[in-house]
1. Using amide H atoms built in the peptide plane, which far-off residues or other-chain residues are under 5 Å from Tyr188 H to H?
2. Ranked highest first by average number of other Cβ atoms within 10 Å, how do 246-253, 83-90 line up?
3. If each residue's Cβ is checked for other Cβ atoms within 10 Å, how do Val145, Val281 rank with the fewest at the top?
4. Tell me, what HN-Hα J-couplings in whole Hz come from the Karplus equation 6.51 cos²θ - 1.76 cosθ + 1.60 at θ = phi - 60° for each residue of the range 152-159, using x for Gly and Pro?
5. What are the ³J(HN,Hα) values, in whole Hz, obtained from phi via the Karplus relation 6.51 cos²θ - 1.76 cosθ + 1.60 with θ = phi - 60°, for each residue of the range 79-84 in sequence order, with x given for Gly and Pro?
6. Skipping prolines and chain starts, which residues have an amide H placed within reach, meaning under 5 Å, of the one on Leu331, given they are 5 or more residues away or on another chain?
7. Given the Cα-Cα distance of Glu48 and Tyr267 and 0.36 nm per residue of separation, how much length would full extension add, in nm?
8. If amide hydrogens are placed 1.01 Å from N in the peptide plane, which non-local residues have theirs closer than 5 Å to the one on Ser66?
Amino acid sequence: MNAEPTTARETSPLPCTSLERAIIDTLQDDFPLQESPFATVATRLATEPEALLAALNALLERRMISRFGPLYNVERMGGAVTLAAMQVPKERFAEVAELVNAFPEVAHNYERQNSLNMWFVLATDSLVAQQHTLEAIAARCRLPVLNFPKEREFHIGFRVAVDGDGAARTTREAPPRRGENGKRYAPYVPAPEDRAIIRATQAGLPLDLHPYHAVAAQTGLTSSLVIARLQAMHEAGVIRRLGVVPNHYGLGLQANGMTVWDVADEYVAELGTRIGALAFVTHCYQRPRHLPLWPYNLFAMVHGRTLAEAEEKRGHIAGLLGSEARAGTMLLSTRILKKDGLRLTTTHASPPPC
């Protein structure tokens, strides 16, 4: 299940109960794939299943977590994911945001402080569909769209921990599954049962004491088959993780900075590996330049409770890169325009009606 998206400007950290902290700290992955998962987790957290479910629902309603359920790896299923950006005139920003967000292929959309002020993530079931969608967005918005596909992945693993005083911080995720961080692999071809389950769960799991029974009812499958197929997809890396997705803004990490750097292509692999290994970097990629407007080819995401904290992390990266970085900057997000889980669509860029 998803919570409504939030904006950086509107969010302030809210206090968590000890149970809510435990949910955030322990359920960002490995939510049990069994008939009564909430009973198992409740025993682990010394509470009752009903109390656990109520706390999870409260976290969603207060926007402290953005969703609960499986995070699907679209690329592992043969799909395509890319990052795109536009220069949107201030007077047209609200209009263009509405047009872009109406495309179901757009999973995330952020306003960032830069001349390229709108950045969105696009997920499609093929590279052909990706190109078609980018062209459709450009035509619909009457603006050029710059495409920044991932050329190399150095790290991805956004997790949040909540300390006893309620302070949130980013922390490292478990080691990546086989096939991630730039390794090549054969696409996983979902079976018809898998596709039915993906359609039913890509927006999140039902808030039910027996969520897989609820999915079974939606798909016409048995709960045991739903669990078995989710397990198979998890082991194959089709599901990146299964659990809660923290809303870093709701938890107080309000400074979201995309640092970008211009480094020589012959050094980007070495430097990207070093930057991606930093404990506070949540995502790190090599992406293409778009000269003369955009000289940057190394992207690294940092988060902080304050702008000063994010700036300190940016400064640490700059110090590590040293003279190898010919230029660099940090694009702070000022608004979340859309935030859904990545998913495969079958609409192939059908824009909204005029």
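Read-outs throughout are calculated quantities, based only on the coordinates presented, and are distinct from any laboratory measurement. All values derive from a computational prediction rather than experimental measurement. Positions of Cβ are generated from backbone atoms using ideal geometry, with glycine treated the same way; all protein chains shown enter the neighbour counts.
1. Met77, Gly78
2. On the way: 246-253: 24.5, 83-90: 16.8.
Averaged packing, sorted descending, gives the order 246-253, 83-90.
3. Values: Val145 20, Val281 25.
Ranking Val145, Val281 by Cβ neighbours within 10 Å, fewest first, gives Val145, Val281.
4. Once rounded to whole Hz, the list reads 7, 10, 9, 6, 9, x, 8, 10.
5. Going residue by residue, I get x, 9, 10, 8, 9, 10 Hz, with x marking Gly and Pro.
6. Those qualifying (amide H under 5 Å, at least 5 residues apart or on another chain) are Met258, Thr259, Val260.
7. Working: separation 219, 0.36 × 219 = 78.84 nm, distance 5.31 nm.
Answer, rounded to one decimal: 73.5 nm.
8. Val245, Asn247
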